[in-house]
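Participant: This is the structure I have questions about; it appears just below.
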Amino acid sequence: MVFINQSEKYVRTMCAILFSVFCFLYLYFFQADLMALTQHVLSEGQTTYDKTPGAIIVTCVLMLLQVFFSRAMQLTSVFYALTYVPSFISLMALTGIRANGGSYDFGAWGYALPISLLLCIACIPFSRKRYKNIMLHQIKTSTTVLVNVSFFLLMFLLTCSLSDSSTKLHKQLKAERLLMSEDYDNAIETVRSY
């Protein structure tokens, strides 16, 4: 069992809150229509996506993935944000569906996701040996927080830029959702605003 001091608990809690809030808000507000499309494509039209439970479930699954990598890597609090890399990569892949003519696909993510996760797994032995001997008592909590928050900001930007952010596709999906809920006026307004 690894001893966790108060500073490390603070950093781990802060990272969990940052990731959970970002993931939920990102899926709920920005990618809900795209997640509905992803659900439709992956289930071949057999199931539907509801944005509230969907965002909660995906966030929880990604947090479980992070817990697995956190336990496996056993990184110190200075590098703790690195345990979220597989979750961020999975989130990017999940929201990376693209319109390709009349069909939809995950593009390069079909190959990049398994390769990236395998690379993360391959880094586990290295991370255990390399960072175990860092003198934690010499690193201030503020420095640790700054390093982790900076890494999270970088991952937030990468997630937003590498997932699908096609305005045309988002407008199309929003209009389809509004038509399905018989909100014709807002559907017309959405199409006009494009």
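Participant: Shape call for the stretch 28-86 from the C-alpha gyration tensor, a ≥ b ≥ c root eigenvalues: rounded (a/c under 1.5), prolate (a/b greater than b/c) or oblate?
Facilitator: Verdict is prolate for the stretch 28-86.
Participant: Rolling a 1.4 Å sphere over the protein heavy atoms, what is the accessible area per residue of the stretch 7-76, to the nearest Å²?
Facilitator: Using a 1.4 Å probe on heavy atoms only, each residue of the stretch 7-76 averages 52 Å².
Participant: Can you order the peptides 63-71, 84-92, 32-40 by their average number of other Cβ atoms within 10 Å per residue, highest first?
Facilitator: Listed from highest to lowest mean packing, they are 84-92, 32-40, 63-71.
Participant: Let me ask something else. For a Förster distance of 22 Å, can you work out the FRET efficiency between the beta-carbons of residue 121 and residue 16, rounded to the nearest 0.05?
Facilitator: 0.55
Participant: Once the whole set of protein chains is in place, how much accessible area is left on residue 21, using a 1.4 Å probe, in Å² to the nearest 10?
Facilitator: Ignoring ligands and nucleic acids, residue 21 comes out at about 80 Å².
The values are calculated or read from the model by the stated rules, or taken from the named source; none is laboratory data. A quick note: this is a predicted structure, and the numbers were derived from the prediction, not measured. So basically every Cβ, Gly included, is an ideal-geometry build from the backbone, and we count neighbours across all protein chains shown. The accessibility values were calculated without ligands, DNA or RNA, using every heavy atom of the protein model including side chains. Shrake-Rupley method; radii C 1.70, N 1.55, O 1.52, S 1.80 Å.
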